[in-house]
Amino acid sequence: MVLHSGPHALERRGALSYDGRVANDTDGDGPRPRPAVDAAWAPVRPRTAPAAWEAAAADPRSRTAAEHDGDASDSPSVEPVAPADPSALERMLRRGGRGVRGVWRRASSARRLATGFATLGLVSALVVGAGVAAQPRYPVPVTTGALSADLRTAPSGDLWSTDLAALGATDLPDGCRGFRPLSEIDGDAVVASSAVAYDGCREAVALLARIDPSTGDVRWSIDLADLLGGRGIYLSMVRDDAGSLATVSSQEYLGARSVRIDLETGRVLGDVIGDDDSDDVVTQLMGVTSGRLLLASQPRDRVGPDGQSLTFTDGETTPYRLIDADHPDTVVWSGDVGTSETPYLAGAFLVVESENGPVLVDVETGEVHVVPGGIALVENVVQAGDLLVATVTTRAGEREALALDRAAERRWSAPLELDAQVVVAASCVIVESGRSDFRCLEPDDGRERWSRTLPVTEQDQAAVDVFQQGLETSSLVVDVTSQMRSATGDDAPTTILGLSPATGETTFSAEVPPFSYLTGLARTVGFAGSFVGQDFSKTVVTAFDLADGRRLWQQDSPPQGSLDFWGDTLVSVDADGVAHGLRTTADVVPATAEASR
């Protein structure tokens, strides 16, 4: 899970909250109203069938399992529904009076039978048509990864519990018994120890474990505290593009250390990469990609008295090197970079600024190519398929987005406004400008696919959620936040929007707690997470319906605990480091008549 936070967070009380009611119907045994037409020929009005997405009508003659097992006093009450208003056909017949009935009686039997069937067909068509028109429309589940389970009802009780804090060589200290999922492999969750609250752990802890989220069984666990030293407070992981290898890193202030892990077996491969307290330099981890690490070596005399800052003098440079993660002594590229220049590692590309303009380094081969076009400043880079998309400022002072191949050949470019930001997400190169203007450019050639201005107030700001790519979904997720506070003085809720990458049309919209972010998508349900409390020591998960955005349920973590999805299992970790897999049920919702795109 990626941690999003803000200066304020909404404190939610209560473990669960529900919205929405299902109306119950009953088939009473009392007298029916007399039909308006001849009883001999008027067909009995059929009971309206429940919609496919609604609960079936309750029958007083049936008994629930709870009633059979014991007292049924807690069962929801069933109230009779008032008789429906007369149909248009009945009102017409009443207005016609005896004249209509006379014509009806004089008609032949065959004609009356045909008319009866025609009337029944018309009524049936109206009923079916009304049902289709009212049926909810859910987004087409287009995703590059697996969809989450359709958890439309709140969790109830524990499915399993596992004491993760006891897995290490020594018990984890207080304040350091939090656990967060870092990755998945073959349906299992790879989790790491963390602080239970922001800056709440100052000990050297670095526990990594692979857990079966359906049972809580521990496949393997590794205590990396001795290898990573005091820097094992917050762990990060980057998996290789293929295979089961990953780079696990920790960073404390300036120094960093990394190890290679086989996620299949839990074995540590090779030696520790990075800072050594005995060296006369501080090794900084500046970037990680599949099988590669970008490191910077800072002389220790640059480190300030607080141990957290660096001081430079004019003209100084910093040595950088790009290394093979599996063979740390193999340097793919190296160079000295000025203090005002920045290297950017993005997937298969490394961009390094210099006085003569940026150069592009192929991270596989180390080949260096000069980037043409008179670029003075590189603002941001991101990989989009086989291309690198960069936001730059030219020596003429103009901002533009451009795409480069591995040989630094320019494929396309597009001018940018001064306030524009470029994000690559969901097969789009998104250009954001103003408060809510969006353009989607084709990644291959830069042509505009669509543009749209979202309707927001003057206090709102809409922005693409750049962390959504971790969800492996092709939906374009936009967060709309407000600077206004609610009537109670709390931060205003966040609105999460889903946009179609093909057309820009809204596919779903939901109002969620302040500073929430999308954590998962199922076929009919979206899930949002948020950290609350001034120390971010509490997690809230909100489930919402993708058709109308209504809240389905909301669950809070324990105090000083966490609540995250480990695969399809919602897992709560308490302050003692005990993980609880919550019992959930995936609802089966029939396919909709018309899916939104």
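The values are calculated or read from the model by the stated rules, or taken from the named source; none is laboratory data. Only a predicted model underlies this, so the values are computations on that prediction, with no experimental measurement involved. Here Cβ is always computed from backbone atoms with ideal geometry, including for glycine, and neighbour counts include all displayed protein chains. Surface areas here come from the heavy atoms of the whole protein model, side chains and all, with no ligands, DNA or RNA. Shrake-Rupley method; radii C 1.70, N 1.55, O 1.52, S 1.80 Å.
Among the residues of region 266-287, those identified as closer than 21 Å to residue 335 by Cα, touching a residue at least 40 places away in the same chain (Cβ under 8 Å) and open to solvent by less than 40 Å² (accessible area, probe 1.4 Å) are 273, 275, 287.
Number of residues in region 506-522 that are closer than 17 Å to residue 552 by Cβ, touching a residue at least 60 places away in the same chain (Cβ under 8 Å), in contact with a Ser or Thr (Cβ under 7 Å, 6 or more places away or on another chain) and not in a loop (DSSP other than H, G, I, E, B): the value is 2. Against the test of being modelled with pLDDT under 90 and on the phi > 0 side of the Ramachandran plot, the options 186, 171, 199 yield a single qualifying residue, 199.
When region 150-193 is limited to residues that are among the aliphatic types (A, V, I, L, M), crowded, with 20+ Cβ neighbours inside 10 Å and assigned to a strand (DSSP E or B), the one that is farthest from the chain's Cα centre (by Cα) turns out to be 192. Elements of the type strands (runs of 3 or more DSSP E) sitting completely within region 351-439 and holding at least 3 residues that are of a type in the set (S, T, N, Q) and touching a strand residue (DSSP E or B) at 6+ places or on another chain (Cβ under 7 Å): these cover 387-394. Cβ-Cβ contacts under 9 Å between residues 6 or more apart (or on different chains), taken from a first residue in region 241-260 that is over 17 Å from residue 329 (Cα atoms) to a second residue that is open to solvent by 30 Å² or more (accessible area, probe 1.4 Å) and aromatic (Phe, Trp, Tyr), are listed as 250/234; 251/234; 252/234. Quick check on residue 465: is it open to solvent by less than 30 Å² (accessible area, probe 1.4 Å), closer than 17 Å to residue 436 by Cβ and at pLDDT below 90? Criteria met by residue 465. The set of residues from region 386-401 being closer than 17 Å to residue 443 by Cα, surrounded by fewer than 22 Cβ atoms within 10 Å (Cβ to Cβ) and touching a Ser or Thr at 6+ places or on another chain (Cβ under 9 Å) comprises just one member, 400. Would you mind stating whether residue 330 is farther than 19 Å from residue 298 by Cβ, open to solvent by less than 20 Å² (accessible area, probe 1.4 Å) and of a type in the set (S, T, N, Q)? It is false that residue 330 is farther than 19 Å from residue 298 by Cβ, open to solvent by less than 20 Å² (accessible area, probe 1.4 Å) and of a type in the set (S, T, N, Q).
Checking each residue in region 399-419 for being at pLDDT 95 or above, over 15 Å from residue 361 (Cα atoms) and among the hydrophobic types (A, V, I, L, M, F, W, C) picks out 401, 402, 412, 414, 416.
In region 154-175, the residues that are under 19 Å from residue 220 (Cβ atoms) and among the basic types (Lys, Arg) never reach a residue that is open to solvent by 70 Å² or more (accessible area, probe 1.4 Å) and assigned to a loop (DSSP other than H, G, I, E, B) with C-beta atoms less than 7 angstrom apart, at least six apart or across chains. Applying the criterion of at least 3 residues that are over 22 Å from residue 207 (Cα atoms) to the strands (runs of 3 or more DSSP E) found wholly in region 245-348 leaves 281-289, 292-299, 317-324, 327-338, 343-346. Pairs are defined by a Cβ separation below 9 Å, a sequence spacing of at least 6 or placement on different chains, a first member in region 315-332 that is on the phi < 0 side of the Ramachandran plot and of a type in the set (Gly, Ala, Ser), and a second member that is open to solvent by 30 Å² or more (accessible area, probe 1.4 Å) and in a strand (DSSP E or B); the pairs so defined are 325/245; 325/270; 325/288. Of all the listed residues (196, 238), the sole one being β-branched (Val, Ile, Thr), closer than 27 Å to residue 287 by Cα, touching a strand residue (DSSP E or B) at 6+ places or on another chain (Cβ under 6 Å) and surrounded by 23 or more Cβ atoms within 10 Å (Cβ to Cβ) is 196.
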